[in-house]
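As structure tokens, the structure follows; a few thoughts come after it.
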Amino acid sequence: MNFWKKTLPLSIAFILGWIGILGDYIPHQTSEELTKSIMKGLIIVFAIVAFLGLYSLLQMHWSKIKRKNVGWGYSLLVYIGFFVMLFFGLYNQGEFFWNTQVERGQIQWLYQYAFTPCQATMFSILAFFIASAAYRTFRAKSIEAGILLLAAVLVMFGVVPISGMIWKGFPEIAQWLLEYPNMAVKRAIFFGIALGAISTSLRIIFGIERSYMGGGE
Amino acid sequence: MEVSLKKLLLMLTILPILAWGNLMPPDGVDVFDAPNDNGKSLFVVWKRTTNETENTFYTIFVSENPAGPFHTQGAMSAALNFKSDYKSVFGLKKENSNWHAYKLDSFIIVDGKKSKNKMIAPNTRYFIRIGVKEGKNGLLSMHPETFEVIPCGNWFAWNKLNSFILFLFLMIVILLFINIAKRNPNLFIRRIAGLEAMDDAMGRATEMGKSVLFVHGLKYIHEVPTIAAINILGRIAKRVAEFDTELKVANWDPVIQQVSRETVKESYIEAGRPDAYKEENVYFASSEQFSYAAAVEGLMVREKPAANFYFGYFYAESLLLSETGNSAGSIQIAGTDAFTQIPFFITTCDYTLIGEELYAASAYLSREPKLLGSLKGQDIGKLAIILVLIIGTLCTTFGYLGFAQIFWPM
């Protein structure tokens, strides 16, 4: 039992982890082919697991409909959307699913005129959220918030054409803020991220970090 | 009349030769196997001629037989392809801009009206010739020599030697500190407020009788931020199981969902509460970015979870999710290494783990000496980077580039 639940997964993590690291330093064809076949294996896993994901989605919404949970109507919409898309996908303008998808068919129409506008709507909400979040952030309650407010106003104003017409120093200030203080912080964060990623990878490769297997030793 | 015809004939013969004579064949030609690669490319280098213009074109001919037939890659303008374009191969010498270099990885085989691209294969003998012409339809002035080359795959990328040494150094330091931590478990690790607040957030959820929501970022399972998020999920799930609170995990990818299910299940078993685990609570929402955001937002608005945890790599959905969570009145803790999303999380969440803190979270929460030791090793790595930056800045300021060049591509 211990072998299947601990030793085997840790050994796989160790071997594949080292293949991943060394693959970056060994450009030889053999190493390239090994990495390619591992990636192919990953794609196969993705394809199989996609069905499990679909099952999970439908099962969760079915249980909501069955129990008449709050907002069960939305779950019904998931089912309607799923079956409508499935039907038109399989029907394929009368050519059926064993033939190549017909260009400009119903499924593409649904994607273009129903799904894409829904996605665009979600994305456009972001503008309002940014406004409300910015309002909260830029309330100058402390010195730090005041500096942040000043820097943000200078950058926002500096990147619009009118700022340069008023005083040509505004775009230069905005550029300076982006290229120096902002870039310095960005790089510091990137260094930390790189070290953190190396450290996490080593902890997993050497079997020190086991929380993905449920925690304990 | 006869004379003028002779003159005309002479001119017609001589003029192209004179024009052709303006362009000498390429000089200093060398052909060699591309270093640090898989053996599927080779380099052709030649000296930039003094009289070349934008209208000068070079053509490289390739054959697998010394007698031909020779195939081309098409004519290339003299304005392109210099040694200075391949810094990792030719270094940073100033004279590199006076040399042309072309990385040949394929050539075109024309068979009647059909043509196909053939890739350079490792361990195959190739014969290379090079010519130059003025204008695309001009006469070719060929280099007299045919060059022979056999491209081979390399077993070590020497151009990455500095990165490999740095990796070994960091690895040794981290492993060393893990061993030190085994012997001396009381290492000092700075307080991370966001992680300290996790227990409070879960406690609040327990008191309110509401659920805890864990939201994954949008990266695949084999990417480090997702792995770090799953490690944190394992810790949270164990704590939630101990508190007897409901945990919901939203996933955008079926593979991550399956791994999350197993992780949560194992954590519940570890906490001695396998009965409390509900498989349907670790669910797949959608693989589309904004559909995923809509699904999670819907859950936040309807069920109003007491605590929201966002861990992983996020894109534009970060603000949509966290602003909705904020308006739903949840305690929110986020951790991401997505630089562009950090400001949004800081604005809308109660606590935000910035960059590396995402990777430190699991070790910090576990309080296991070995894991904390790795954090200490990470700090030493950071110290080394700071020292390198200070020394590099000073050396470069005083005009010595040698130190900085150690860290450039070799």
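The values are calculated or read from the model by the stated rules, or taken from the named source; none is laboratory data. This structure is a prediction, so every number in the text was calculated from the model and none was measured. FYI the Cβ positions are ideal-geometry reconstructions off the backbone, even for glycines, and counts take in every protein chain you see. We work out accessible area using only protein heavy atoms, side chains counted, and drop any ligands, DNA or RNA first. Shrake-Rupley method; radii C 1.70, N 1.55, O 1.52, S 1.80 Å.
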Review point. Is at least one residue of region B:376-387 in contact (Cβ under 8 Å) with a residue 40 or more places away in the chain, small (Gly, Ala, Ser) and more than 10 Å from chain A (Cβ to nearest Cβ)?
Key: no
Study note, to complete from the structure: Residue count, region B:50-77, condition touching an Asp or Glu at 6+ places or on another chain (Cβ under 7 Å) and within 14 Å of B:HIS100 (Cβ to Cβ), comes to 2
Review point. Are there any pairs with C-beta distances below 8 angstrom linking a residue in region A:148-159 that is surrounded by 14 or more Cβ atoms within 10 Å (Cβ to Cβ) and in a helix (DSSP H, G or I) to a residue that is at pLDDT 90 or above and acidic (Asp, Glu), with the two at least 6 apart or on different chains, and if so which?
Key: A:GLY158/A:GLU172
**Study point:** Residue list for region B:105-116, restricted to those being open to solvent by 100 Å² or more (accessible area, probe 1.4 Å) and either within 19 Å of B:PHE43 (Cα to Cα) or not in a strand (DSSP E or B) (or both)
**Key:** B:LYS113
Practice item. Working only within region B:162-183, note down all residues that are open to solvent by less than 70 Å² (accessible area, probe 1.4 Å), within 19 Å of the chain's Cα centre (by Cα) and within 11 Å of chain A (Cβ to nearest Cβ). Key: B:SER163, B:PHE164, B:PHE167
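The rows are residues; the columns are (1) outside any helix (DSSP H, G or I); (2) within 14 Å of another protein chain (Cβ to nearest Cβ); (3) farther than 24 Å from B:SER287 by Cα; (4) touching an Asp or Glu at 6+ places or on another chain (Cβ under 6 Å).
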position	(1), (2), (3), (4)
A:GLY81	no, yes, no, no
A:VAL84	no, no, no, no
A:TYR113	no, no, no, no
A:PRO117	no, yes, no, no
A:ALA120	no, yes, no, no
A:LEU126	no, yes, no, no
A:ALA131	no, yes, yes, no
A:LYS141	yes, yes, yes, no
Exercise for review: Of the conditions (1) more than 26 Å from B:ASP253 (Cβ to Cβ); (2) at pLDDT 90 or above, A:GLY94 clears all except one; give me its number.
Suggested key: (2)
Practice item. Please specify each residue of region A:161-217 satisfying the condition of being farther than 30 Å from A:LYS5 by Cα, facing another protein chain (nearest Cβ under 8 Å) and not charged (D, E, K, R). Key: A:ILE189, A:PHE190, A:PHE191, A:GLY192, A:ILE193
Study note, to complete from the structure: Just one listed residue, out of A:PHE51, A:PHE88, A:PHE82, A:PHE97, is touching a helix residue (DSSP H, G or I) at 6+ places or on another chain (Cβ under 9 Å) and in the same structural domain as A:GLY20 (by TED's automatic domain parsing), and it is A:PHE51
Practice item. Return the residue satisfying two criteria in turn: it lies in region B:333-356 and is surrounded by fewer than 24 Cβ atoms within 10 Å (Cβ to Cβ) and within 24 Å of B:GLU288 (Cα to Cα), and of such residues it is farthest from the other protein chains (Cβ to nearest Cβ). Key: B:GLN341
Study note, to complete from the structure: Those residues of region A:160-197 which are aliphatic (A, V, I, L, M), within 18 Å of B:THR336 (Cβ to Cβ) and either in contact with a helix residue (DSSP H, G or I) (Cβ under 8 Å, 6 or more places away or on another chain) or in contact (Cβ under 8 Å) with a residue 24 or more places away in the chain (or both) amount to A:ILE189, A:ILE193, A:LEU195, A:ALA197
Exercise for review: Kindly indicate which of A:ILE198, A:ILE193, A:ILE173, A:ILE189 is assigned to a helix (DSSP H, G or I) and either farther than 30 Å from B:PRO369 by Cα or modelled with pLDDT under 90 (or both).
Suggested key: A:ILE173
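Give B:GLU223, B:GLU246 a once-over and let me know the one that is open to solvent by 40 Å² or more (accessible area, probe 1.4 Å), touching a residue at least 12 places away in the same chain (Cβ under 8 Å) and within 25 Å of A:LEU195 (Cα to Cα).
Numbers: B:GLU246 fails: within 25 Å of A:LEU195 (Cα to Cα).
Testing whether each residue is open to solvent by 40 Å² or more (accessible area, probe 1.4 Å), touching a residue at least 12 places away in the same chain (Cβ under 8 Å) and within 25 Å of A:LEU195 (Cα to Cα) leaves just B:GLU223.
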Review point. Of all the residues that make up region B:60-98, how many are modelled with pLDDT of 85 or more and of a type in the set (Gly, Ala, Ser)?
Key: 3
Practice item. For residues that are open to solvent by less than 60 Å² (accessible area, probe 1.4 Å), within 9 Å of chain B (Cβ to nearest Cβ) and in a helix (DSSP H, G or I), tally how many sit in region A:23-38. Key: 4
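For residues that are part of a helix (DSSP H, G or I) and among the aliphatic types (A, V, I, L, M), scanning just region B:279-312, find the one that is surrounded by the most Cβ atoms within 10 Å (Cβ to Cβ).
Taking region B:279-312 first, the residues part of a helix (DSSP H, G or I) are B:279-281, B:289-303.
From what's left, among the aliphatic types (A, V, I, L, M): B:293-296, B:299-301.
On the way: B:ALA293: 30, B:ALA294: 22, B:ALA295: 20, B:VAL296: 25, B:LEU299: 22, B:MET300: 23, B:VAL301: 14.
So, considering only residues that are part of a helix (DSSP H, G or I) and among the aliphatic types (A, V, I, L, M), the one surrounded by the most Cβ atoms within 10 Å (Cβ to Cβ) is B:ALA293.
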Revision key, fill the gap. Exactly one of B:SER211, B:SER163 is among the small types (Gly, Ala, Ser) and not assigned by TED's automatic domain parsing to the domain that holds B:ILE342, and that residue is B:SER163
Review point. Does at least one position in region B:141-161 carry a residue that is among the hydrophobic types (A, V, I, L, M, F, W, C), closer than 24 Å to B:GLY74 by Cβ and open to solvent by less than 40 Å² (accessible area, probe 1.4 Å)?
Key: yes
